[in-house]
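Please treat every number below as a calculation from the coordinates, not as lab data. It should be emphasised that the depicted structure is a prediction, and the values quoted were computed from it without experimental measurement. Every residue, glycine among them, receives a Cβ derived from its backbone with ideal geometry; neighbour counts consider all protein chains shown.
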Amino acid sequence: MRIALLQSSGRPGSTVENLKVLDEAAGRAAAAGAGLIVAPEMFLTGYAIGDDIARLAEPADGDAADAIAELAARHGLAIAYGYPERDGGTVYNSAQLISAEGTRLANYRKTHLFGCFERDHFTPGEQPVVQAELDGLRIGLMICYDVEFPENVRAHALAGTDLLLVPTAQMHPFQFVAEHLVPVRAFENQMYVAYVNRVGAEDEFEFVGLSTLVGPDGVARTRAGRAEELVLADVDPVFLAASRDGNPYLEDRRPGLYGSLV
C-alpha cells in the first residue's frame, strides 16, 4: 500500500480551511497512487490554539468527520487525521481513521499527554491499543508522545499491528525522536511506523517536520524536511513478513522477567 504523509500545520484556528488543505492534499495523494493519507496531530483545528481547542472540539461522528468521510470517498483513499474530540463535557486529543469508502474505522484518544499545555486542555485516553483492518494490513493508531513509551509500541506489536500511524506535533529541540527513536521503535517491534508531524512556528512552539515512514528494518522509506510537504512511500507486506521471520525479538522475549516494569 502506498501511503502519503501530509506534513503541514494547516491553518490553525480554522476547521474550514484545514478541510480545504486536506482535500487538496488527498487529491494529489490519490493521483500518485496512495491508498492512505495521514495528517498530523490536531490537524483539523490547529494545535496551539488555547481555549479554541474546547470551542472547536467535535464528536468522533461530528460534522468534520462527515466532511472527511465525503472527501475520502470522493478521492478513493483512506484518511487518518488528528483532532480535538468532544465527548460530553470531556475533550480528548484524538486521531481517527476513515476508510476509502467513507466509513469510520477507528478512533484513538492520546494516552500520554505532553506538558502543561496538553494537560490543561485534554483528558488522557485509557485504551492503549486501537486497531483497524485496511487493505490486508492491521493498522494501529497512536499520537506523538505515546510512541516515546516503549511499552505502548510493544503492546501494538503483541497485538499484531503491521503499520502504526503516529500523527504528531513534535517540537524543537526534540527532533531526535523523528531521527532516531522512531526507527528504533519500528525495528524492535517489527512493524512499519508512519510518523507525521506539524511544521513551523505556532504560538510558543516550533514544530520540526521530519515526517517519516520507517520499515521494520529501521530504515526510513521517506523523510520530509522542515517545510510543508507531501511525501509518499510504500508499505510492503511481503517484506514485513520476511523481516519478522528473520528477527527474533518477539520470540525471544521472557515476559516472566518483566513484572517489575509495572
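Quote to one decimal, in nm, the extra length available between residue 226 and residue 61 on full extension: 0.36 nm per residue of separation minus the C-alpha distance between them.
Difference between extended and current length: 56.1 nm.
May I ask you to derive the relative contact order of the chain, considering only C-alpha pairs under 8 Å and at least 6 residues apart, and to give it as an integer percent?
18 percent
Output the direction-averaged projected area (hull surface divided by four) of the convex hull of the alpha-carbon atoms of the stretch 81-163, in nm².
Over all viewing directions, the stretch 81-163 projects a mean Cα-hull area of 5.8 nm².
What does the stretch 34-104 give for Rg and for Dmax, in Å, if only its C-alpha atoms count?
Both quantities, over Cα of the stretch 34-104: 12.0, 37 Å.
Give the value in nm², to one decimal: projected area of the alpha carbon convex hull of the stretch 164-262, averaged over all directions.
Over all viewing directions, the stretch 164-262 projects a mean Cα-hull area of 7.8 nm².
Which value, to two decimals, describes the C-alpha radius of gyration of the stretch 57-209 once divided by 2.2 N^0.38 Å?
Normalised Cα radius of gyration, the stretch 57-209: 1.02.
If eta is 0.890 mPa s and T is 25 °C, what Stokes-Einstein diffusion coefficient results for the stretch 74-118, Kirkwood Rh from Cα pairs, in µm²/s?
Stokes-Einstein gives a translational diffusion coefficient of 208 µm²/s.
Test of understanding: in a Gaussian network model of the chain with alpha carbons linked when under 10 Å, which of 115, 136, 89 would top the mean-square fluctuation ranking?
Maximum among the listed residues: 89.
Would you please give the residues with an amide H less than 5 Å from that of residue 138, counting only those at least 5 places away or on a separate chain, with H modeled from the backbone geometry?
Under 5 Å from the amide H of residue 138: 162, 163.
Which FRET efficiency value, to the nearest 0.05, is calculated for residue 54 and residue 219 with the Förster distance at 41 angstrom and r the Cβ-Cβ distance?
For R0 = 41 Å, the calculated efficiency reads 0.50.
Which of the peptides 7-14, 244-251, 144-151 is most tightly packed, and how do the rest follow, judged by the mean count of other Cβ atoms within 10 Å per residue?
Highest to lowest by the protection proxy: 7-14, 144-151, 244-251.
³J(HN,Hα) across the stretch 191-201 via Karplus (A = 6.51, B = -1.76, C = 1.60, θ = phi - 60°), whole Hz, x for Gly/Pro?
Karplus-based 3J(HN,Hα) across the stretch 191-201 equals 8, 7, 10, 9, 10, 10, 10, 7, 8, x, 7 Hz.
Starting from a Cα-only point model with no solvent, please compute log10 I(q)/I(0) by Debye for the stretch 1-69 at q = 0.15, 0.19, 0.22, 0.28 1/Å.
-0.49, -0.75, -0.96, -1.30
What angle do you read, to the nearest 10 degrees and between 0 and 90, between the alpha-carbon axis of helix 63-75 and the longest principal axis of the chain?
Helix 63-75 and the main axis of the chain meet at about 70 degrees.
Once the other residues with Cβ under 12 Å from the Cβ of residue 175 are scored (Lys, Arg +1; Asp, Glu -1), what is the net sum?
0
Percent of Cα-Cα pairs more than 27 Å apart in the chain, please.
Value for the chain: 31 percent of Cα pairs lie more than 27 Å apart.
Remind me, relative contact order of the stretch 74-120 in percent, using alpha carbon pairs under 8 angstrom and six or more residues apart?
Answer for the stretch 74-120 is 30 percent.
List the pair-distance distribution P(r) of the stretch 139-213, using every Cα-Cα distance, as the percent of pairs falling in each 10 Å bin from 0 up to the bin containing the longest distance, rounded to whole percents.
Taking all Cα pairs of the stretch 139-213, the binned fractions are 21, 54, 20, 4 percent.
About the Cα centre of the chain, what is the dipole size in debye to 20, counting +1 per Lys and Arg Cβ and -1 per Asp and Glu Cβ, all else neutral?
Result for the chain is approximately 440 debye, rounded to the nearest 20.
Given H placed on each backbone N at 1.01 Å, which residues far from residue 81 in sequence or on other chains put an amide H within less than 5 Å of it?
Under 5 Å from the amide H of residue 81: 39, 96.
Which whole-number percent is the relative contact order of the stretch 191-262 (Cα, under 8 Å, 6+ apart)?
For the stretch 191-262, the relative contact order is 22 percent.
Expected output is a single nm value to one decimal: the length gained when fully extending between residue 175 and residue 135, i.e. 0.36 nm times separation in residues minus the C-alpha distance. What is it?
Result for the pair: 11.3 nm of gain on full extension.
Calculate, axis by axis, the spread of Cα positions in the stretch 9-142 along the three principal axes, and write the results as whole Å, longest axis first.
Here the spans come out as 40, 31, 23 Å, largest first.
To the nearest 10 degrees, how steep is helix 15-31 against the longest Cα principal axis of the chain, on a 0 to 90 scale?
The angle comes out at about 50 degrees.
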